[in-house]
1. How do the pairs read when you match residues in the range 257-271 that are more than 27 Å from TYR601 (Cα to Cα) with residues anywhere that are among the aromatic types (Phe, Trp, Tyr), using Cβ under 6 Å and keeping only pairs 6 or more apart or on different chains?
2. Out of all the residues in the range 587-621, which are under 20 Å from ALA534 (Cα atoms), out of contact with any helix residue (DSSP H, G or I) (no Cβ under 8 Å at 6 or more places or on another chain) and assigned to a loop (DSSP other than H, G, I, E, B)?
3. Part of a strand (DSSP E or B), more than 23 Å from HIS561 (Cβ to Cβ) and of a type in the set (Lys, Arg), is that true of ARG225?
4. Only residues that are surrounded by 14 or more Cβ atoms within 10 Å (Cβ to Cβ), in contact with a helix residue (DSSP H, G or I) (Cβ under 9 Å, 6 or more places away or on another chain) and part of a loop (DSSP other than H, G, I, E, B): list them for the range 1-14, please.
5. Kindly indicate which of ARG440, ARG476 is of a type in the set (Lys, Arg) and without any contact (Cβ under 8 Å) to a residue 40 or more places away in the chain.
6. Identify all residues within the range 626-652 that are touching a Leu at 6+ places or on another chain (Cβ under 7 Å) and not aliphatic (A, V, I, L, M); write none if there are none.
7. Which ranges mark the helices (runs of 4 or more DSSP H) fully within the range 418-525 that have 1 or more residues being in contact with a His (Cβ under 9 Å, 6 or more places away or on another chain)?
8. Please determine, by comparing only the residues of the range 81-137 that are of a type in the set (Lys, Arg) and free of Cβ contacts under 8 Å to residues at least 24 places away in the same chain, which one is surrounded by the fewest Cβ atoms within 10 Å (Cβ to Cβ).
Amino acid sequence: MNKLLHLHTETTSLVIKADKTLPEMLYWGKRLPEGTDLDTFFAANHHPVPQARIDTDTVVSLCPEHARGLFTAPGLEGCRNGDNWSPEFTLEETVLNGQQVSFLCRDRLAALKLDIHLSLNLKSHVLSTHLELTNEGNSNYQLHKLTNTLLLPTIAREIMYFHGRWTHEFQTERKKLDRSGFILENRRGRTSHEHFPGIMIGQANFSETAGKVYGFHLAWSANHRFHAEAMSDGRRYLQAGELLMPGEVELIPGESYRTPTLYSTYSNKGLNGISQNFHRHVRNEIVRFPEPQKVRPVHLNTWEGIYFNHDPEYIMKMVRSSAEIGVERFIIDDGWFRSRNDDKAALGDWYLDEKKYPNGLQPIINCVKEHGMEFGLWFEPEMISPDSDLYRAHPEWMLHTEGYEQVTIRNQYVLNLQIPEAFDYVLDRLDNMLTGYDIRYIKWDMNRELVQPTNNCRAAFHGHVEAYYRLVDEVRRRHPMVEIETCSGGGGRVDFEILKRTQRFWASDCNDALERQTIQRGASYFFPLEITGAHIGAKLCHTTGRQHNADFRGITALFGHMGVELDPVRACEEEKRGFARYISLYKSLRQLLYTGDFFRYDTAHRESQAWGVVSLDQREAVVMFAQMDMPEYAMSAPLPIPGLNQTKDYKVRVLENSSSNIYMKQCPPWMTEPAIMSAALLEQVGLMMPVMQPESALLIQISQV
């Protein structure tokens, strides 16, 4: 008799066969009917054995094995100096605890123990998986690969993945998954702008609101690899794990390696269902705020306002102007420490520049607090400049490979935090600043990739990220009330694992509202709005050279953790009024934005996009419609709005409009006079949109009558 396990939530079922070999997923999808007989289920779904192949059923297990005749990517690759390269595990113990299950497996000949862990969250419907390999032999085991493997149904025919670059993160692309494999690799030492560790796989042409889809995110802040394949027998699977460099992990006797956690979820309601599950999981299980009941404060970050030109008297003018427009947290960015007058020097010298700040930071902090704000400060703790006192004193602390010249990126090197003395130095400087001043917020940056990193004669990507985690953990332990933002030249290092330690991520160094429309949409597939940093930038964006009015910038920044990144002192009075209006609007909406269900809507025309948030009680919603480029047609189309209570009527009205309406002689009537509409009508027929200028947005309020 085969032992079948059924993990389930209200919406999702996972059936696993756990017999003598490694466990195998038999089903993962919509919740099976109550009372389903698993033995009957197995009989109906038992694999046939085709001709001209292995004479027994070949299993795509949770860690596929070459030894059993499966000619696909094994879940484990490694050896003992060439031996034990093709292990064959036996399942020895299964421990089931509610919706969590652990499988203890061994290959006694290879002297390896493999533990496989799965947990299906009852509230978020997110499946968490990880593997742990232990060397039980008497000699070292060289680990090349250990990865999470999940079987997919045959309907999994299309992949949506993420790509980008600096100032252009979270872009999406689609590919077919049919008689082929798909590999996405990142070797940059951080999650990267180029290859975010997330992927969607579903039935052909899945959309925001329709289709069966599976979403995956690997919680790891460095190198990673995704591999999806449609096998020759029609079966499909996904593998996701850390990408290890040659010789990077060697297990001594008794030592273990644990994979990063793969977070996965299923939706039969399109991509919105995936996002809502991930958002719920991040809110309930991942991010921890020092003060959970505290509202998310509006930021002002000084970077694009003053860059390296730090003058305490002028900064205090910025503080006062910030308070006037409603800012609640004031952050001094790069340029506050010794000899940091441009980006070519001083990283690592984390001492206040007394020439710029002869009276220290305290007068500024006092001014910030007097105006009802919190104070934050920028650091880049993992970096070291060639032109720095620290590098001149300790050039050996640079992360590099002996005998080779390390390249600079953005005029800087990486500090080897795996050297205890280097780790202690950085920790001491952070601790000193956080102890000496009332700093409630750190913007923690990492502005370059790792190139040829070596520690103790081995590749050190894995070791660096573990040292980074230890450093953040210790800073949090010593200063538990300090919030931390993860930034890496924008969105270059963001994932669920670092968000266990931080409370916000900077989505991009680009504050261009048009670019942000796409960037924030891409980020929304995985992350809730309250941790996604979104700022109103200056009218002229320094990364693109484009200009947008305050309304388009303000509407775009509403859908994230709002802030401003400019100099409010130099802004004209009209702009200041615009900033104040959108900050006030944000404050009135943030409870809804940060607790409701997020929806992206399927728009009829490719030059437009729309998203919104519906309160959990379905009493209110706020929707944004954006015209990205020149309208495709002379007339717009209705926007279907799902998620409302189908038995209720709603009042629809315009909150803000950044377009001048020059393309219309007559607007849709609801734009000039609030309209009462049923939820059924809004979902099935939709709300007629106006014809809008390129690079503009409309904000709509929907409230239950």
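The values are calculated or read from the model by the stated rules, or taken from the named source; none is laboratory data. No experiment lies behind these values; they were computed from the predicted model shown. Don't worry about glycine lacking a Cβ; one is built from the backbone with ideal geometry, like all the others, and counts go over all protein chains shown.
1. What qualifies is PRO260/TRP220.
2. THR595, GLY596
3. yes
4. Once the filter is applied, which keeps residues that are surrounded by 14 or more Cβ atoms within 10 Å (Cβ to Cβ), in contact with a helix residue (DSSP H, G or I) (Cβ under 9 Å, 6 or more places away or on another chain) and part of a loop (DSSP other than H, G, I, E, B), the range 1-14 yields ASN2, THR11.
5. ARG476
6. PRO638, TYR650
7. In the range 418-525, the matching helices (runs of 4 or more DSSP H) lie at 420-436, 513-523.
8. ARG108
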